[in-house]
Amino acid sequence: MNSKVKLDDLNVHFGGTHAVKGVDIDFPANSVTAIIGPSGCGKSTVLRAINRMHDMTPGAQVSGRILLDDTDIYGRGIDPVAIRRKIGMVFQKPNPFPAMSIYDNVIAGYKLNGRTRRDEADEIVESSLQRVALWDEVKDRLKSNAMELSGGQQQRLCIARTIAVRPEVILMDEPASALDPLSTLKIEELIEELKERYTIIIVTHNMQQAARVSDVTAFFYLGELIECGVTKKLFTTPDKKQTEDYITGRFG
Amino acid sequence: MEREHFSKQYDAELNIIREKLLEMGGKVEVMLVNAMKALEERDTALAERTIAFDHEINSLEMEIDDHCLEVLARRQPAGRDLRFITLAFKIVTDLERIGDQCAAIAKRARELNAEPPLKPYIDMPRMAHYAIGMVKEALDSFVRGDDELAVKVCKDDEFVDQLNEQIQRELLTFMIEDPSTISRAIKVNHVSKCIERIADHATNVAEMVIFMVKGKDIRHTIA
């Protein structure tokens, strides 16, 4: 499989803390890679490094290279805002803009690119909502406040907002951890569908979820990448004992 | 040393399955010993008891399957726990079939005991001795996670196959020389085939132990 995102000796420091230690990973294009590991293992730190979110964290220092296709996103002259358009992010808790309608939430990111024609905006809103399977549920109330939606619908709205700007990569930081089981299943089904168009990297605490949705799984421990491989193999016959002990619930 | 799960209850559930499998393994060993004794010593009462004993093996099969299903549903095992449960499902089937073969040997013993002896049994007890050893070692390798012992079991199967072929040839000679022995020879032949199948089931268990320990599937790779 072609690599879409490649981490090359990635290190992240927060002051004196070495949070991510010399990580090398290839994230294959049009596939789902799950990052798992116990709390504090560095998985969210890695995810945030991939769309330069540490740029704004005082004391954070990122070294090594992160290649999006062949471009180092930390390279000289690279605009982080442009990178974030190509690499979208979905967070743990649904975060629609509270004062905006459903329609405006979806188109908000796209509008930042400049003026948009009304018919073009309508088309983007509809296709984005359809792609996250929310269109039929909200098409008659697009002007309603987004906060009126359920938690699961809000999270799908946030994913629609992310894909409305036509990213190439979607990062998901525990996107279903605040949702009920049915909404979680809808998000998981959506992830499966989205990978046809996007490269998805998901951080999850839920190992069964990682096993269900991902093609490749990476296991982190204490800031180091312990093992990365095809999900089926990692969850049945992992190469490393640490991985085996973690996935079988013997530590973590 | 193997770590324990965070959940002691989970460890306990896996231990119950392990212990039940061993209990079942021990019972099929006894069944095979008794079936062969019933044949060699022409003890029809023992043959009857051995045939009746098969229902205990069948009950254990259902009980272990039930435990395995519950662990699958409640724990969603991964890694070596998943391999263990998968293995338990398969071992239990092999042990149940060994029980069926033992019951079949006992049935043939019951029939043969009603007729004059065909010949003294020499190679057949040797073959059964090996098969019993294989079943025992396959279960020991499972308990200890001993893949080297499991490899030995797989290799021993070749010897049992050779003995079976030897017995088949011998019986063929009997039948050619004296057609009146055909009926009894076919029954003895069936016993030999049953023992050979028991050794095959022990080999299946051993191959699965290797998968459990090493994560490597060696089925159909040993010629």
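Every number in this text was worked out from the coordinates using simple rules, so none of it is lab data. Here the structure is a predicted model, which is why all the values come from computation and not from measurement. Don't worry about glycine lacking a Cβ; one is built from the backbone with ideal geometry, like all the others, and counts go over all protein chains shown.
Summarise the partner chain shielding of A:239-247 as one whole number: the mean count of Cβ atoms from other chains within 10 Å of each residue's Cβ. Each step should come with its number before you reach the end.
Details: counts 1, 0, 4, 0, 2, 8, 5, 2, 6.
Counting other chains' Cβ atoms within 10 Å and averaging over A:239-247 gives 3.
Mind checking A:37-46 for the average number of partner chain beta-carbons within 10 Å of each residue's beta-carbon? Walk me through the numbers on the way to the answer.
Values: counts 0, 0, 0, 0, 0, 0, 0, 0, 0, 0.
Averaged over the peptide's residues, the number is 0.
At 7 Å along Cα-to-Cβ for each site, give me the label-to-label distance between A:Lys143 and B:Leu69 in nm.
5.6 nm
Provide a whole-number value for the mean count of partner chain Cβ atoms within 10 Å of the Cβ atoms in peptide B:71-80. The partial results should precede the final answer.
Numbers: counts 0, 0, 0, 0, 2, 5, 4, 14, 14, 9.
Going residue by residue through B:71-80 and averaging, the value is 5.
Quickly estimate the mean residue ellipticity at 222 nm for the protein assembly as shown, helices only: each DSSP H run with n ≥ 4 gives -39500 (n - 2.57), and the total goes over all residues, rounded to 500. List each step's numbers first, then the result.
Numbers: 16 runs with 277 residues, N = 475.
When only DSSP H runs of four or more count, the value is -19500 deg cm²/dmol.
All other residues with a Cβ under 9 Å from the Cβ of A:Gln92 taken together, and with Lys, Arg as +1 and Asp, Glu as -1, what is their net charge?
Numbers: positive: A:Lys93; negative: A:Asp173, A:Glu174.
Net of charged neighbours comes to -1.
Taking every pair of distinct Cα atoms and averaging 1/r, then inverting, what Kirkwood hydrodynamic radius in Å comes out for the stretch B:22-108?
Values: mean 1/r = 0.0727 Å⁻¹.
For the stretch B:22-108, inverting the mean 1/r across all distinct Cα pairs yields 13.8 Å.
Among DSSP beta bridges whose residues both lie in the protein assembly as shown, state the antiparallel percentage, nearest 5.
Working: 25 of 42 bridges.
Bridges in the protein assembly as shown that DSSP calls antiparallel: roughly 60 percent.
Can you pull out the chymotrypsin sites (Phe, Trp or Tyr not before Pro) in the stretch A:221-252 whose DSSP state is coil and whose Cβ has at most 10 other Cβ atoms within 10 Å? Walk me through the numbers before you get to the answer.
On the way: sites: A:Tyr221, A:Phe235, A:Tyr246, A:Phe251; in loops: A:Phe251.
Sparse-neighbourhood loop chymotrypsin sites (Phe, Trp or Tyr not before Pro): none present.
I need the Kirkwood Rh of the stretch A:3-247: take the reciprocal of the average 1/r across all distinct C-alpha pairs and report it in angstrom. Mind dumping the intermediate values first?
Working: mean 1/r = 0.0540 Å⁻¹.
18.5 Å is the Kirkwood radius here.
Cα axis of helix A:102-111 to longest principal axis of chain A: angle in degrees, 0 to 90, nearest 10?
Result, in degrees: 70.
Arrange the following residues from fewest to most other Cβ atoms within 10 Å of their Cβ: A:Ile159, A:Ile50, B:Ile182. Intermediate values should be presented prior to the final figure.
Numbers: A:Ile159 26, A:Ile50 20, B:Ile182 14.
The order, fewest Cβ neighbours first, is B:Ile182, A:Ile50, A:Ile159.
Ranking A:Thr217, B:Thr221, B:Thr86 by Cβ neighbours within 10 Å, fewest first, what do you get? Display every interim value, and only then the final one.
Numbers: A:Thr217 28, B:Thr221 9, B:Thr86 17.
Ranked by crowding around the Cβ, least crowded first: B:Thr221, B:Thr86, A:Thr217.
How about the stretch A:73-173: which trypsin sites (Lys or Arg not before Pro) there are in a DSSP loop, with at most 15 other Cβ atoms within 10 Å of their Cβ? Walk me through the numbers on the way to the answer.
Values: sites: A:Arg76, A:Arg84, A:Arg85, A:Lys86, A:Lys111, A:Arg115, A:Arg117, A:Arg118, A:Arg131, A:Lys139, A:Arg141, A:Lys143, A:Arg156, A:Arg161; in loops: A:Arg76, A:Arg115, A:Arg117, A:Lys143.
The qualifying sites are A:Arg76, A:Arg115, A:Arg117, A:Lys143.
Once the other residues with Cβ under 12 Å from the Cβ of A:Asp173 are scored (Lys, Arg +1; Asp, Glu -1), what is the net sum?
Details: positive: A:Lys43, A:Arg48, A:Lys93; negative: A:Glu174.
Computed value for this residue: +2.
Compute the semi-axes of the equivalent ellipsoid of chain B, taking the square root of 5 times each eigenvalue of the Cα gyration tensor, and list them largest first in whole Å. Please report the intermediate quantities before stating the final value.
Values: eigenvalues 268, 73, 27 Å².
Over the Cα atoms of chain B, the semi-axes work out to 37, 19, 12 Å.
Separation between the A:Ala29 and B:Lys90 pseudo-spin-labels, each 7 Å from Cα along Cα→Cβ, expressed in nm?
A separation of 3.8 nm, rounded to one decimal place.
Can you flag which of B:Lys37/B:Lys136; B:Lys119/B:Lys187; A:Lys6/A:Lys43; A:Lys232/B:Lys152 are past 23 Å Cα-Cα?
Working: B:Lys37/B:Lys136 18 Å; B:Lys119/B:Lys187 13 Å; A:Lys6/A:Lys43 15 Å; A:Lys232/B:Lys152 30 Å.
Over 23 Å Cα-Cα: A:Lys232/B:Lys152.
Around A:Asp55, under 13 Å between beta carbons, what's the net of Lys plus Arg minus Asp minus Glu among the other residues?
On the way: positive: A:Arg48, A:Arg52, A:Arg84; negative: A:Asp79.
It works out to a net charge of +2.
Of B:Cys154, A:Trp135, B:Phe53, which is farthest on the positive side of the dipole of the protein assembly as shown, counting Cα position, with +1 on Lys and Arg Cβ, -1 on Asp and Glu Cβ, and the Cα centre as origin?
Of the options given, the answer is A:Trp135.
For the stretch A:70-209, what class follows from the C-alpha gyration tensor (a ≥ b ≥ c being the square roots of its eigenvalues): rounded when a/c is under 1.5, otherwise prolate if a/b is larger than b/c, else oblate? Present the calculation step by step, with values, prior to reporting the outcome.
Details: a/c = 1.79, a/b = 1.06, b/c = 1.68.
Note, shape of the stretch A:70-209 comes out oblate.
Take B:Ile105, B:Ile51 and order them by how many other Cβ atoms sit within 10 Å, fewest up front. Working shown, then result.
Working: B:Ile105 29, B:Ile51 20.
Neighbour counts put them in this order, fewest first: B:Ile51, B:Ile105.
Just the Cα atoms of the protein assembly as shown: what Rg and Dmax do they give in Å?
Computed over the Cα atoms of the protein assembly as shown, radius of gyration and Dmax are 31.6, 103 Å.
Can you tell which of A:Asn113, A:Asn51, A:Asn206 shows the greatest fluctuation in a Gaussian network model of chain A with Cα springs below 10 Å?
Of the options given, A:Asn113 has the highest mean-square fluctuation.
Roughly how large, in nm² to one decimal, is the mean projection of the convex hull of the alpha-carbon atoms in the stretch B:1-48?
Working: hull surface 19.1 nm².
The directionally averaged projection comes out at 4.8 nm².
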